[in-house]
Amino acid sequence: MYTLLKESDLGRCGELHTRHGTLQTPFFMPVGTAGAMKGLTLEDLEMLGAEILLCNTYHLHIRPGEDVVQEAGGLHGFVGWDKPILTDSGGFQVFSLESLRKISDKGVAFNSHLDGTPLFLGAEEAMTIQHKLGADIIMCFDHCPPSTASRGDIEAAVDRTLRWAAEGKRVHERLCNKRVTPSPVEGRHAATVHGSTKLTMTRFPLLFGIVQGGLHRDLRKKCAEELIAIGFDGYAVGGLAVGESADEMYGVLDDVCPLLPKDAPRYLMGVGRIEQMEQAVAKGIDMFDCVLPMREARHGTIYLSNGEKVRILNNRYVRDHSFIDPNSPSPFSRTHKKSYLNHLLRSGERLGETIACAQNMAVTLSSIRRLRERIQDGAK
RNA sequence: GGGUCGGUAGCGAAGUGGUCAAACGCAGCAGACUGUAAAUCUGCCGUCUUCGGACUUCGAAGGUUCAAAUCCUUCCCGGCCCA
């Protein structure tokens, strides 16, 4: 499923084979939680260089429901995207919707953030929903605590995450065995079957386990080792960028990455600052996702292709009639002025959101692509 | 001309004797945002400040009072009603 091609001081590069094509690593996944990007069409997203889309189990389960999505031909058919899709399991909502859920060892009882309707997500539910959604990469349901939580809480989160991972794997295997209709691209990458599981042929979704453990080296180690013993197609590092400093986060990556199998992809969940991704790749990470570039864009922080950031809502841009970013990979920024973007965002015009989001997404995607190319081209 | 209601910080709008530099909303100024409850959130927003405070304000001018955005008098301006 994953072929490691090269390693250098800059990081690793390789290929990740999925039902909807092969991805060059390292890569960044734009977050389209409910199957859409705020302010961008998926055609825009593809034009800007996106190779894979991330969607969310919790949100799609609430609305429109996995049955609707399945009926529409799965996520790909529903949203109109032919490239790979990864679904997050809803584990992050255990963190972000903290006040709306109750955790037990069986799973998490949420009250919908929309109307309070009770819903239950556990290892089995998250797996069943993700199979129905039809993503190419799916995630185990995990317990993501704040990194600042007490050691006891993090220990408990690791135990649950491991239990849910084992159960998720069993449910996943059962669902894969049940599947009789082969995918159109079946067998395309049949030669590269990961050794740790017989089920990870490309007609099935790839299943990733998630390493928790907060800032505690021993808990991270325990979690990683037990996940590896269960065997997954890829390994994510979760529970980061949730309250700790960047240095603490790098410390965890220094601890965890050497423990992970070299022939499996590694996914740092929720991280997407360009400089942080560069550091993480150097430490051995292959995949990222993050809402930050889009959120900052909507809130007026614009990334430029020269690495600078600009607060486009500030007074100084009211009369700055230079182009947003003449060298931008986003065509909108090559033809529109800073003063115009300032005006659009101040006026609440949706077009401002589109131009801003396209810019930040383009810069983020091209940064990681350039990093990948440097690794690919670099000496071995 | 008579009556009546009103004039509060950039705008809108509370406050009707002391706890008022004056609620709240908008606009403005700056900041935050990391597996999206996020077109959200935080701070500032009369002037000066060594951030403890100091000083000048509530249409204008006088007055009552220990104390006035708040009460009285006159004037100016606006809305409505009557002539």
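The values are calculated or read from the model by the stated rules, or taken from the named source; none is laboratory data. Note that this is a predicted model, so its numbers are computed, not measured. Neighbour counts are summed over all protein chains in view; Cβ atoms, including those assigned to glycine, are modelled from backbone coordinates with ideal geometry.
Yes or no: the stretch A:146-165 includes at least one residue that is at pLDDT below 95 and under 21 Å from A:Phe288 (Cβ atoms).
yes
Check A:Ser333, A:Ser328, A:Ser305 and return the single one that is among the small types (Gly, Ala, Ser) and outside any loop (DSSP other than H, G, I, E, B). Before the answer, list the steps.
Numbers: A:Ser328 fails: outside any loop (DSSP other than H, G, I, E, B); A:Ser305 fails: outside any loop (DSSP other than H, G, I, E, B).
Every option except A:Ser333 fails the conditions.
Of the numbered conditions (1) more than 12 Å from RNA strand B (Cβ to nearest atom); (2) in contact (Cβ under 8 Å) with a residue 12 or more places away in the chain, A:Ala72 fails exactly one; give the number of that condition.
So the condition that A:Ala72 fails would be (2).
If A:Arg217 passes every condition in (1) within 16 Å of RNA strand B (Cβ to nearest atom); (2) more than 25 Å from A:Gly74 (Cα to Cα); (3) at pLDDT 95 or above but one, which one does it miss?
Unmet for A:Arg217, out of (1) within 16 Å of RNA strand B (Cβ to nearest atom); (2) more than 25 Å from A:Gly74 (Cα to Cα); (3) at pLDDT 95 or above: (1).
Could you list, in sequence order, all residues of the stretch A:46-69 that are crowded, with 21+ Cβ neighbours inside 10 Å, hydrophobic (A, V, I, L, M, F, W, C) and within 15 Å of RNA strand B (Cβ to nearest atom)?
A:Leu48, A:Ala50, A:Ile52, A:Leu53, A:Leu54, A:Cys55, A:Leu60
Which of (1) more than 10 Å from RNA strand B (Cβ to nearest atom); (2) aliphatic (A, V, I, L, M); (3) under 19 Å from A:Val237 (Cα atoms) is the odd one out, the single condition A:Leu133 does not satisfy?
Failed condition: (3).
What are the pairs with Cβ atoms under 8 angstrom where one residue, in the stretch A:298-326, is farther than 10 Å from A:Tyr340 by Cα and the other, located anywhere, is among the basic types (Lys, Arg) and part of a strand (DSSP E or B)? Sequence gap at least six, or different chains.
Here the result reads A:Gly300/A:Arg311; A:Thr301/A:Lys309; A:Thr301/A:Arg311; A:Ile302/A:Lys309; A:Ile302/A:Arg311; A:Tyr303/A:Lys309, each pair linking the stretch A:298-326 to a residue that is among the basic types (Lys, Arg) and part of a strand (DSSP E or B).
Please list, ordered by first then second residue, the pairs with beta carbon atoms under 7 Å, 6 or more apart or interchain, first in the stretch A:272-283 and β-branched (Val, Ile, Thr), second in a helix (DSSP H, G or I) and crowded, with 22+ Cβ neighbours inside 10 Å.
Every condition considered, the pairs that remain are A:Ile274/A:Thr364.
Sort out which residues of the stretch A:219-260 are of a type outside the set (D, E, K, R) and in a loop (DSSP other than H, G, I, E, B), and write them in order of number.
Those that are of a type outside the set (D, E, K, R) and in a loop (DSSP other than H, G, I, E, B): A:Gly231, A:Phe232, A:Gly238, A:Gly239, A:Leu240, A:Ala241, A:Val242, A:Gly243, A:Ser245, A:Leu260.
For A:Asp263, state whether it is at negative phi, in the same structural domain as A:Cys55 (by TED's automatic domain parsing) and in a loop (DSSP other than H, G, I, E, B).
Against the criterion (at negative phi, in the same structural domain as A:Cys55 (by TED's automatic domain parsing) and in a loop (DSSP other than H, G, I, E, B)), A:Asp263 qualifies.
Looking at this structure, is A:Val271 in contact with a Phe, Trp or Tyr (Cβ under 6 Å, 6 or more places away or on another chain) and part of a loop (DSSP other than H, G, I, E, B)?
Taking the combined requirement at face value, the residue satisfies it.
May I ask you to list the residues in the stretch A:76-87 that are without any contact (Cβ under 8 Å) to a residue 60 or more places away in the chain and either touching a strand residue (DSSP E or B) at 6+ places or on another chain (Cβ under 8 Å) or surrounded by fewer than 19 Cβ atoms within 10 Å (Cβ to Cβ) (or both)?
A:His76, A:Gly77, A:Val79, A:Gly80, A:Trp81, A:Thr87
Filter the stretch A:284-297 for residues that are buried (at least 18 other Cβ atoms within 10 Å of the Cβ), in contact (Cβ under 8 Å) with a residue 24 or more places away in the chain and within 24 Å of A:Cys144 (Cα to Cα) and give the result.
Residues satisfying the conditions are A:Gly284, A:Ile285, A:Asp286, A:Met287, A:Phe288, A:Asp289, A:Cys290, A:Pro293, A:Met294, A:Glu296.
All but one of (1) crowded, with 19+ Cβ neighbours inside 10 Å; (2) within 13 Å of RNA strand B (Cβ to nearest atom); (3) in contact (Cβ under 8 Å) with a residue 12 or more places away in the chain hold for A:Arg101; state the number of the condition that does not hold.
Checking A:Arg101 against (1) crowded, with 19+ Cβ neighbours inside 10 Å; (2) within 13 Å of RNA strand B (Cβ to nearest atom); (3) in contact (Cβ under 8 Å) with a residue 12 or more places away in the chain, the one that fails is (3).
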